[in-house]
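Chemist: My questions all concern the structure below.
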Amino acid sequence: MQRLTMWRRQFNWRMLLIRVIVNALALLITVGLTPIRFVDRSVRTWLLLAIFLGILNALVKPIIQFLTLRFIFATYGLVVALINAILLLLLEFFFPTRFAIDGVILWPLVGGAILGIVSAVLENLLGLTPPIVSEQYPELRQKIKDRQTGSLEAHITQTVVERASPVHPVGAATTSSSTVS
């Protein structure tokens, strides 16, 4: 029960909502620029597909990226467009009455490239992806790290560090075990 309470406190609902919005906008832009289409053109379908795309991005995409890691480096990231194409094809497979892709190879690849670019741009604009900061700026790196871990964890870490190295003010009296008679 304590773990569930701790998880609920640490879970960031705003980040989840922003990720759903990013997936929804990326999917909408991809559909607008390619012959990939929503069969059922309702907002409910659009949001359902965006949520399911987010689930695929969270669960399936990391596994595929891990398995194709060597190819991602060898092709300078072009395999990521292929991975996004696979996600779009999975979306079509799970929702054939709501989502359709015209073509077998070309449009899923183009759609995957557009989906990846739009998602990356929106994630960077909305602050979902942390910036890369040089080691020359440790203060800035620490601020970003504190912001990512959350204020509660940052406070706990700061408290632990302060307790590990107590600071004695100058001129403070120290207690002695001997007593004066």
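The values are calculated or read from the model by the stated rules, or taken from the named source; none is laboratory data. A quick note: this is a predicted structure, and the numbers were derived from the prediction, not measured. Positions of Cβ are generated from backbone atoms using ideal geometry, with glycine treated the same way; all protein chains shown enter the neighbour counts. With ligands, DNA and RNA removed, areas are computed over all heavy atoms of the protein, side chains included. Shrake-Rupley method; radii C 1.70, N 1.55, O 1.52, S 1.80 Å.
Chemist: Compute the signed sum of charges (Lys and Arg +1, Asp and Glu -1) over the other residues within less than 15 Å, Cβ to Cβ, of L90.
Modeler: Net charge in that neighbourhood comes out at +1.
Chemist: Accessible area of the stretch 81-132 with a 1.4 Å probe: how many percent of it is carbon plus sulfur?
Modeler: In the stretch 81-132, the share of accessible area belonging to carbon and sulfur is 76 percent.
Chemist: Lys and Arg at +1, Asp and Glu at -1: add these up for the other residues within a Cβ distance under 12 Å of L49 and post the number.
Modeler: Taking every Cβ under 12 Å from that of L49, the sum is +2.
Chemist: Where the only charges are on Cβ atoms (+1 Lys, Arg; -1 Asp, Glu), what is the dipole of the stretch 1-139 about its Cα centre, to the nearest 20 debye?
Modeler: The calculated dipole for the stretch 1-139 is roughly 500 debye.
Chemist: Would you work out which of F66, G103, V43 lies farthest towards the positive end of the dipole of the stretch 39-119? Charges go on Cβ: Lys and Arg +1, Asp and Glu -1.
Modeler: F66
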